[in-house]
1. What does the convex hull of the alpha-carbon atoms of segment 586-719 project to on average, in nm²?
2. Of the peptides 172-181, 531-540, how do they stack up when ordered by the mean number of other Cβ atoms within 10 Å, highest first?
3. Could you name the lysines whose alpha carbon sits less than 21 Å from that of Lys572, not counting residues in the same chain fewer than 8 places away?
4. Once you have the Kirkwood Rh of segment 302-350 from its Cα pairs, apply Stokes-Einstein at 4 °C and 1.567 mPa s and quote D in µm²/s.
5. If segment 526-597 were replaced by its equivalent ellipsoid, with semi-axes equal to the square roots of 5 times the Cα gyration tensor eigenvalues, what would those be, largest first, whole Å?
6. Take the chain, compute every pairwise Cα distance, and split them into 20 Å bins from 0; I just need the percent in each bin.
7. Which of the peptides 509-518, 454-463 is most tightly packed, and how do the rest follow, going by the mean number of other Cβ atoms within 10 Å of each residue?
8. Sorted from largest down, give the three principal axis spans of the alpha carbons of segment 481-574, whole angstrom values.
Amino acid sequence: MAKSQSDFHFIGKPQRKIEGLEKSSGRALYADDIRLPGMLHGKILRSPYPHARIVSIDTSAAEALEGVHGVVTGRDMPTTYGIIPWTPDEYPLALDRVRYVGDGVAAVAAVDEDTAIRALDLIRVEYEELPAFPDPVSALRADGSTPYVHDAEKEGRNGNVTKHVHMEFGDVDGLMETSEVVVEGEYFFEGTTHTPIEPHCAIGLWQPDGSRRDGLGEPTRDERGDGTGADSGPRTGSGKLTVWSATQVPHYLHRELARVLDVDPARVRVIQPLVGGAFGGKSEPFDLEFCVAKLAMKTGRPVKILYTREEVFYAHRGRHPFHMRYRTGCDTGGRLKSVDAEIVLDGGAYASFGLVTTYYSGQLLCAPYAMPAYRFDSTRVYTNKPACGPKRGHGSVQPRFAFEVQMDKLAERVGLDPVDMRRINFIGENTRTVNELRITSNGFLECLDAVERASGWRDKFRKLPFGRGVGVAGSTYISGTNYPIYPNRMPQSAVQMQIDRSGRVAVFSGASEIGQGCDSVVAYVAAEELGVPLEHVRVYRGDTDFTPVDLGAYSSRVTFMLGNAAIQAARKLRQMVQQAVAEEWDVKPGEVLLAGGRAMWAPDTERQMSTREAFNLAEAKFGTLGARGWYDTPKDVHGDYRGGTIGASPAYSFTAHVAEVEVDVETGFVDVKKIWVAHDCGRALNPVLVEGQMEGSAYMGFAEALMEEQVFKDTDHGRAGLHDGPSLLDYRIPTSMDTPELESLIIESIDPEGPYGAKEAGEGPLHPSIPAIANAIYDAVGVRMDRLPFSPPAVWREIQAARGAGTLRKPPC
């Protein structure tokens, strides 16, 4: 039976983040804060063309420049890589062809950044320009008369197609034909990027066997060189490679570094400092990590590369632009009967997570509503632009926007309140979706109730003055992927926990702390289970040399998987302590309580000792106190069909939003007044952190709805492939002055398999913001916004069209 909230001392209570003071006081160390003795600075030369063959590269002048210690090109690392093992289509530096403006061509290491930049200017690259594919339409029309973005492996195949997925569940055409109401719509979701405060940064250190170095890689005088020219070449023999990186996925980076650079994995170490924001943008290897490693191996000195803000925009891996067409049918009572989707994804120049994104675009739509029949056809297309990848809510934010607007259109056609439309289609709990994904706990109805009540929905919908309106939307998201990125049968997450006789508890965690609070979660678990004060728990993390494997911070997996692993380890230790104390007191182990820094006898809590004394008793009985915990997912949570594992998760979160807006019909400016966010996160392990994730997610959705555009110039408006504004001055994101009021409403469904009943809270709360705002605009002025972003010019044009058609009005009740 699940514990009630009163049974916990730390879990479910507002707590500080364990690294919060270090961050807020400026003491926290990030990748760029690291300075190693003898460290060189690297820079990467990037392509000015969106598509071109590399005819030749001459690096001799750069190598001769005083202060330059090493230069590498694609020929030094001729092995492809990729986060998805079935689609490794990138080289660390372009080998024979560049595929977007910004593709890396060569890298240099020099005594300082200025010298490295001068060296880049001395590298001579001869290009042969090739026709570029700036959009998915032109890419899909390609017939092979000009080179595809990637060579087709089979004759007759379009090399511009990354992945095509077609899936059908139920009698889609038959049920669509018998639907009393059918709504069709075309939608466009513009690409957006992550804009983390911290740019990508990496440092490489190569320590040859037998070199005289200290733990930080202090080079000997001979190894340092005299700084007057390039080093003679790579060090021979074996050694150890260490890379510090602002990455979300230390384990996957470790694997790819070893494979691409042909280094024994046991000789590779990846250290993850604190990460200053990522949101999906650092969840795969990047060129700078390979370059610092190779340059360090070549020069024998540590090498750092820090991206400029412009490079961050070109590195991208953000939200795919989606072109979507939906047909949705229901009966006169509003019950869904059939859903049919066609989607084209603009993937950019490389695959990245694209194989998964293509599946996610359809697989994750099948809840929180019951669908008797569903079909999706998704095609991800290569274009000559920076690669798209995973951004918060990976792959499902775009279709959720389209589908929730479709739901509103259906509700209007059948005369239902949009909230009621969603209620009657609720899929339920402990059930399966139409595509056979297992649903356990489901608090979606409670989410709808919460936002309806808090927003005053019944008093506002279709009742506010012209220009003001409210909109609602719902969604679901995964609590981690059910399978790792590369096939294996090992645990997805693990911790090691150790108790010291001083009373201190140490947790060794391989999880990636990127600001979401995963280090704090394992500390709360240790304090809860072992009864120690939070300040007595130390979390050691982010180092592949001494922490067990965790697969990384992506797909909202960490709390669910790491949390379960931590509970398992802590309970093993608790049982040893209880047994030792029980023997000392001659009582039953189950009667020994650990809480508040004390071990107590449950029938009479006056009988007690400090946890330090209890730990000493346990160490005397069992020896050094240590335990391991790990987590792997259940394997019966998806259908038995090709692609059925993608989108499968041990649990799903559920969310509902209501947005209230005011629209200026003369300028098209949309003022979002407030967003009510209700999120079913299972149990909120720390309500303060959960609320922060909910508000941050809703903020990002609001930003994408009204402002963000990752767009590039075409041949009619400047050199093709150039970013329109690769800076935080030009790329529009909301400031605190732009952000609406956000109200978080935590719904706790208590999942039977989550840690203490918890589910994800970091990505799911983003999805409904965008369609809720779109639906609110319609309620305000009767104009449907089916293309993002809802910028003033875009809204104004739709208002003008409605004026011309005589439909600019408050929609009828």
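1. Values: hull surface 78.4 nm².
Spelled out: convex hull of the Cα atoms, projected over all directions, averaged, 19.6 nm².
2. Numbers: 172-181: 16.2, 531-540: 18.7.
Sorting 172-181, 531-540 by mean packing, highest first, produces 531-540, 172-181.
3. Partners found: Lys3, Lys588, Lys621.
4. Details: Rh = 14.9 Å.
Calculated translational D: 87 µm²/s.
5. Numbers: eigenvalues 174, 31, 27 Å².
One finds semi-axes of 30, 12, 12 Å for segment 526-597.
6. 16, 45, 32, 7, 0
7. Numbers: 509-518: 26.3, 454-463: 16.1.
Final packing ranking: 509-518, 454-463.
8. Principal-axis extents of the Cα atoms in segment 481-574, largest first: 41, 26, 23 Å.
No value in this document is a laboratory result; all are computed from the given coordinates. In this text the structure is predicted, and so the values were computed from the model without any measurement. Every residue, glycine among them, receives a Cβ derived from its backbone with ideal geometry; neighbour counts consider all protein chains shown.
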